[in-house]
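Only one structure is covered here, and it is reproduced in the block below.
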């Protein structure tokens, strides 16, 4: 039997302990990933120390997945493979003349897996520090585990011989079991394609990706200028209750603009500023919403010049905080507004009454926050993912067809 098949006792137990530590860390990481991605309310992890040291925060980013599979599960698979290689001599004795016979140099394989996983870990560490700006201490612990596994498992030199032996044995094994290898590759590729496209392992990250097009866009590329969004005689009406300083209201605004270009709907916007300057139904003005009432009045004033949706999209995109800034961003947008009339209307009793009517109407419908969306008389509190919003609109259209 090849000497590489037998580990020295010290190396064997050192690698075994490191593998078991790695499995334990991955189990904890898998639990954190599960609770943060499948539960809206959860108890923060012990490693959720600050804004920077935040395991929970890291687990809710798209970088917590690779090909749709949580990195914690990839890590667990890695350590289980290493564990199998550690005991492969015993497995070969129990299952003679099977596929396990191809593992001729398990120590080199573990060393190669250790060094490759450590290099990948350094990529993830860079992403944590430079892209996410958060670190997961449990993740970093696995990076050190990978490093020490590679160190204890290497046979000689700087891993080059181990990597060379691993590649040679891999090619030899593929040739011997080519049909099985192809079958495994096809099955694995199909499974990973499904995981990556469906994001079934992370509904929260799936929702974030659905919002990405709308949340990251600097301007509303679907924006129109006039007062009518959609079709006047559409059978289904979509009412969006908004605050111009609400970031998710901006997302909802872009969504309904996009949907209105393809679906037979009429979209209406009702103002519900989270600002006590005009809204007496809220206890306090939320931070960053101090100009919400002012922006709402300017939006309503622009409606008198047939430029409501154009002005609304500009206010959502730019979030001006005072009258001077509002006029500046609207002028830059070149909507064709008469600014003398616009300012007079925005500060008129007529527009102030319209805004109060909006607020009163929204409150009477059960709106408690923004955004809220009403589809054919059914109110949904909070923002809906784009696909779900389209689906609910299509269901409302079918109901209207059946009623007619």
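The values are calculated or read from the model by the stated rules, or taken from the named source; none is laboratory data. Small disclaimer: the values here were computed from a predicted structure and weren't measured. With ideal geometry, Cβ positions are generated from the backbone for all residues, glycine too; neighbour counts draw on all protein chains shown.
Annotations for the structure displayed:
- Residue 270 in contact with a strand residue (DSSP E or B) (Cβ under 6 Å, 6 or more places away or on another chain), outside any loop (DSSP other than H, G, I, E, B) and surrounded by fewer than 23 Cβ atoms within 10 Å (Cβ to Cβ): yes
- Of all residues in the stretch 131-175, those satisfying the criterion of being assigned to a loop (DSSP other than H, G, I, E, B) and either outside the structural domain of residue 113 (by TED's automatic domain parsing) or under 36 Å from the mean Cα position of the chain (by Cα) (or both) are 133, 134, 136.
- Residue in the stretch 255-266 that is over 24 Å from residue 400 (Cβ atoms), at pLDDT 95 or above and touching a strand residue (DSSP E or B) at 6+ places or on another chain (Cβ under 8 Å) present: no
- Hits in the stretch 279-292 - residues which are surrounded by 17 or more Cβ atoms within 10 Å (Cβ to Cβ) and in contact with a helix residue (DSSP H, G or I) (Cβ under 7 Å, 6 or more places away or on another chain): 279
- One residue from 33, 52, 13, 7 being at pLDDT 90 or above and within 23 Å of residue 162 (Cβ to Cβ): 13
- Members of the stretch 212-228 that are surrounded by 18 or more Cβ atoms within 10 Å (Cβ to Cβ) and farther than 19 Å from residue 306 by Cβ: 214
- Of the residues in the stretch 30-53, at least one is without any contact (Cβ under 8 Å) to a residue 60 or more places away in the chain and touching a strand residue (DSSP E or B) at 6+ places or on another chain (Cβ under 7 Å).
- Of everything listed in (1) closer than 20 Å to residue 205 by Cβ; (2) modelled with pLDDT of 90 or more, the single unmet condition for residue 42 is (2).
- Scanning the stretch 229-246 turns up at least one residue that is without any contact (Cβ under 8 Å) to a residue 60 or more places away in the chain, loosely packed, with under 12 Cβ neighbours inside 10 Å, out of contact with any strand residue (DSSP E or B) (no Cβ under 6 Å at 6 or more places or on another chain) and in the same structural domain as residue 390 (by TED's automatic domain parsing).
- In the set 225, 304, 221, only one residue is at pLDDT below 95 and touching a helix residue (DSSP H, G or I) at 6+ places or on another chain (Cβ under 7 Å); that residue is 225.
- Condition check for residue 387: outside any loop (DSSP other than H, G, I, E, B), at pLDDT below 95 and surrounded by fewer than 20 Cβ atoms within 10 Å (Cβ to Cβ): yes
- Looking across 161, 104, one residue alone is surrounded by fewer than 18 Cβ atoms within 10 Å (Cβ to Cβ), in contact with a helix residue (DSSP H, G or I) (Cβ under 8 Å, 6 or more places away or on another chain) and either modelled with pLDDT under 95 or under 15 Å from residue 19 (Cα atoms) (or both). It is 161.
- Filtered by the rule that a residue be within 31 Å of the chain's Cα centre (by Cα) and either without any contact (Cβ under 8 Å) to a residue 12 or more places away in the chain or surrounded by 24 or more Cβ atoms within 10 Å (Cβ to Cβ) (or both), the stretch 314-330 gives 314, 315, 316, 318.
- Qualifying residue in the stretch 360-367 (condition: more than 30 Å from residue 398 (Cβ to Cβ) and touching a residue at least 12 places away in the same chain (Cβ under 8 Å)): yes
- Within the stretch 257-267, the residues that satisfy the criterion of being surrounded by fewer than 17 Cβ atoms within 10 Å (Cβ to Cβ) and under 21 Å from residue 312 (Cβ atoms) are 261, 262.
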